[in-house]
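Read the structure below first, then the notes.
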Amino acid sequence: MRTIRNRKRTATLGAAVTAVLALALTACGGDDGGTKSAGPADSAASAPASADATTAADGTEDKDAATTGGSTTTEGATTAGGTTDKVSSSTGTSKGGAAKTGGTTTAGGNTSDSYAYKHPCKSGDLSVRVYAREGSSTQHVIEVNNTGTNSCGLSYFPRVSLGASKAADHSGDIRPLVPSGLGGAPAYPVKPKTAAIAVIDLNPSGSANALTWINELNVLADGDHMANAEQLNFALGPNVKVRDPKLGLYENSIADAVNSMKQADTKS
């Protein structure tokens, strides 16, 4: 612009120079204060990622996270719900003396409740544990785990008796009270890799005037469909006192099983 201003003006070129000067000033004014329109390159650089690409990335991550979390919660939450307390476990044995073990769980089974109602649990697909409930000197947890591939049905509560392990006659064994007024579904459904929980209180009142000759807890996981030969025997600790024991229904957590036990009011 300075070159144009320093040129010697002549009458002949006056009009032309004036026109050139006006154009030059207009161009300078555009650089200093005008708004520059974006070209194709600028548009590409400033444009956000496409909606499809963003959705795909977010959707994949969310889906994977939900699947992982759901799997962990389903397996963990349903099984952990029955083993919240710290316990000392007791191994059950059959009358033949063999330790009770369950089968191996594989994927692909039928896990519906309707299937369980029509298919009673088999002892070979169950693993049974009995352990003292933490925080109570008289309560024990009976945990029945389904180690099979399909859901199966159990009776509303396990068949339980308390007696002396070396007794020749078990007709005098003690049977606990259970809740009355039962009804509803034809069985208690247990999905694979989950547990049915029942709680028994050996001496709910804490009475000092209690039976002390009892040292064994006998459990038949399903009293409606299993033979007596499938009963398991669990040794109780020394100095156990039994007085008017109470047994609750099968539940999916220790807390619910305790509440059910407190409703026991009739002979099993």
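The values are calculated or read from the model by the stated rules, or taken from the named source; none is laboratory data. What you see is a predicted model, and the numbers here were worked out from it, not measured in a lab. Methodologically, a virtual Cβ is constructed for each residue, glycine included, from the backbone with ideal geometry; neighbour enumeration extends over all protein chains shown. Heavy atoms of the whole protein, side chains included, go into the accessibility calculation; ligands, DNA and RNA do not. Shrake-Rupley method; radii C 1.70, N 1.55, O 1.52, S 1.80 Å.
For region 122-268, with all protein chains in place and a probe radius of 1.4 Å, 47% of the accessible heavy-atom surface sits on carbon or sulfur. Each Lys and Arg contributes +1 and each Asp and Glu -1, all at the Cβ; summed about the Cα centre of region 134-268, the dipole is approximately 100 debye.
Per residue, the accessible area of region 164-226 comes to 46 Å² when a 1.4 Å probe rolls over the protein heavy atoms. Remark: for residue pairs LYS118/LYS191; LYS241/LYS262; LYS122/LYS262; LYS166/LYS241; LYS118/LYS246; LYS241/LYS267, the C-alpha separation exceeds 25 Å in LYS122/LYS262; LYS118/LYS246. Charges were assigned to the Cβ only: +1 to each Lys and Arg, -1 to each Asp and Glu. The resulting dipole of region 108-191 about its Cα centre is roughly 80 debye.
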